[in-house]
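S.K.: Take this structure, written in structure tokens, and hold onto it; I'll ask about it next.
Every number here is computed from the coordinates shown, using simple stated rules; none is lab data. Owing to the predicted nature of the structure, the values given are computational and were not obtained by experimental measurement. Every residue, glycine as well, gets a Cβ built from its backbone with ideal geometry; the counts of neighbours run over all protein chains shown.
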Amino acid sequence: MPPRGAAGRGPPRAPGGGARHDGHDFAADAVGAGATGALLSRPVEGLGEAACFFVADPLAALQRLAAAWRSALAGTVVVGITGNVGKTTTKLMAASVLRARYRVHAAENNYNNEIGVPLCLLSLGADVERAVIEMGMYTTGEIADLARWARPRTGVVLNVGPVHLESAGSLERIARAKRELVEALPQGGHAILNVDDPRVERMAAHTAARVWRVGLREDADVRAVDVESRGRDGFAFTLVTSRVAGEASRRVRVPTPGVHLVPNVLAAASVGLAEGLTLDEVACALAGLAPGPRLLMRELPGGVTLLDDSYSAGPAATLAALELLSELPGRRIALLGDMRELGELSRSLHRDVGRRAGAVVDVLYTVGELGRAIGEAALEGGAPHGTVRHARSAQEAAEALAGELRPGDVLLIKGSRALALERVVEALAGRSG
């Protein structure tokens, strides 16, 4: 099925027969929500006056339509973004920067697969000057397809990490899959590579595009120096680039909390510079960045600050969330759950997270079978005995936290979506102060 929320006015829906769902079963609902047509491989009742296009393979037809529409948009430049962590955040940041000069489209949701990218392309208006599209993968060959349909001129590779290891097989295969984006870039394009990640840095030898080396290293083309955390008020750094006349710099204050976002901000800044913005335009846009859609900071009843990152979890993202927690004042509490699809490295990666949690948090709750490994390693990482507790379910975790929290606490919630930790958020948000 296409991502949630894709139904609506605009392109026809393309029901595909997936392993879990047959999209034909949802066609009538899509039409009821405003879809004007559907790509079908068999008749479906309840579509009323909607236009029905019968094809052998609806998904393949959707992809061909998207590629054809993209080819017709001669005035639109596509920016592709990939990486195992931070695609959506960087996409929205890059779009904000580009809006300083261009008419920009960037989907709010993570439309990054073989269904979402075609839907994103079909939603582009003829007046769009820059489209920022994230590109995900489970295995090799998938980003190559996405790039063939989207035809990006600028590509960003953020990182290569242990996400989807069960399907990809190894970090080397993940790197090979991510590399497909820069391989697809044209000679006049721009490959923006995070050189703080060695696997990403090596991709520079596999593209015809101009390479932008981005990171904290002194030899990076676009780099951050003098990074300063400002807690809940965000962070500041000096943006330095050698890609303008000589070398230039600007002090930038980013209102989004978390210095772990520096690589994302650098990538967004590099997109702006590559697409013709001045350094002043980029610096001004960065100062106005809005918080990302994933890790949300909000106040709970009773004077507790919540870092809600219950959407999903991977090792790098969880470690980044713990770094943000470490920057905030107050008693630090975390509820951490399983991280899925990590293959043979699963237990060791959970222990890595646990050791860092043990050095950061004052109280740690875990949930899920692999969550136990986080708790065990947290004790090894410095957490005092009695401060690490395991819950058997999200409901049990919510009940325990309700009795634990007090004014001034900061609570991080992060785990696999399968654990339904959003129920903990809902329960705590609904309690009385």
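S.K.: Roughly what would the spin-label model give for Leu296 and Arg243, points 7 Å off Cα along C-beta, in nm?
M.R.: Result: 3.3 nm between the two label points.
S.K.: Tell me, His21, His105, His350 in order of fewest to most beta-carbon neighbours within 10 Å?
M.R.: Numbers: His21 12, His105 21, His350 28.
The order, fewest Cβ neighbours first, is His21, His105, His350.
S.K.: Determine the distance separating the Cα centre of the range 129-151 from the Cα centre of the range 34-81; give it in Å without decimals.
M.R.: Here the answer is 17 Å between Cα centres.
S.K.: Can I ask one more? From the phi angles alone, apply the Karplus equation (6.51, -1.76, 1.60; θ = phi - 60°) to the range 55-63 and give each ³J(HN,Hα) in whole Hz, x where the residue is Gly or Pro.
M.R.: Per-residue couplings from phi come out as 9, 5, 9, x, 5, 4, 5, 4, 5 Hz.
S.K.: For the chain, modelled as a Gaussian network with Cα springs under 10 Å, which listed residue fluctuates most, Gly48, Gly382, Gly368?
M.R.: With Cα springs under 10 Å in the chain, the top fluctuation among Gly48, Gly382, Gly368 is at Gly48.
S.K.: I'd like the distance separating the alpha-carbon centroids of the range 100-128 and the range 336-387, in whole Å.
M.R.: Using only Cα atoms to place each centre, the spacing works out to 38 Å.
S.K.: Write out the trypsin sites (Lys or Arg not before Pro) in the range 211-299 meeting two conditions: DSSP loop, and at most 14 other Cβ atoms within 10 Å of their Cβ.
M.R.: On the way: sites: Arg213, Arg217, Arg223, Arg230, Arg232, Arg243, Arg250, Arg251, Arg253, Arg294, Arg298; in loops: Arg217, Arg230, Arg243, Arg294.
In loop regions of the range 211-299 (DSSP not H, G, I, E or B), the sparsely surrounded trypsin sites (Lys or Arg not before Pro) are Arg217, Arg230.
S.K.: Turning to a different aspect of this structure: Can you list residues from other chains, or at least 5 along the same chain, whose modelled amide H is less than 5 Å from the amide H of Val156?
M.R.: For Val156, the qualifying residues are Gly80, Ile81, Thr82, Ile192.
S.K.: What list do you get for Phe235, Phe54 if you sort them by fewest beta carbons within 10 Å?
M.R.: Values: Phe235 23, Phe54 12.
So the ranking, lowest neighbour count to highest, is Phe54, Phe235.
S.K.: Under 8 Å for C-alpha pairs, at least 6 residues apart: give me the relative contact order for the range 189-277, rounded to a whole percent. Intermediate results must be reported in sequence, preceding the final value.
M.R.: Values: 159 pairs, mean separation 20.5, N = 89.
It rounds to 23 percent for the range 189-277.
S.K.: Which label belongs to the value computed from this structure, given these candidates for percent of Cα pairs over 40 Å apart: [x] 16; [y] 21; [z] 44?
M.R.: [y]
S.K.: In debye, nearest 20: dipole of the chain around its Cα centre with unit charges on the Cβ of K, R (+) and D, E (-)? Mind dumping the intermediate values first?
M.R.: Working: 49 positive and 49 negative charges, 108 e Å.
For this selection, approximately 520 debye.
S.K.: Starting from the Cα of Glu218, step 7 Å along the direction of its Cβ; do the same at Asp57; then give the gap between the two resulting points in nm.
M.R.: Roughly 5.3 nm, to one decimal.
S.K.: Another question, if that's okay. For the chain, what does the helix formula give at 222 nm: sum of -39500 (n - 2.57) over DSSP H segments with n ≥ 4, over the residue count, nearest 500 deg cm²/dmol? Mind showing how you got there, number by number?
M.R.: On the way: 15 runs with 151 residues, N = 433.
The helix-only estimate for the chain comes to -10500 deg cm²/dmol at 222 nm.
S.K.: Moving to a separate point now. Report the longest stretch of the chain that contains none of the GluC sites (Glu not before Pro) sitting in a DSSP loop with at most 11 other Cβ atoms within 10 Å. The partial results should precede the final answer.
M.R.: Working: sites that count: Glu45, Glu49, Glu108, Glu218, Glu247.
Of all site-free stretches, the longest is 248-433.
S.K.: So for Arg340, Arg406, Arg392, fewest C-beta neighbours within 10 Å to most, what's the order?
M.R.: On the way: Arg340 19, Arg406 12, Arg392 9.
Ordered by Cβ neighbours within 10 Å, fewest first: Arg392, Arg406, Arg340.
S.K.: Using each residue's phi in the range 103-115, evaluate 6.51 cos²θ - 1.76 cosθ + 1.60 at θ = phi - 60° and report the 3J(HN,Hα) Karplus result to the nearest Hz, with x for Gly and Pro.
M.R.: Those phi angles translate into 7, 10, 10, 8, 4, 5, 8, 8, 7, 10, 10, 5, 9 Hz.
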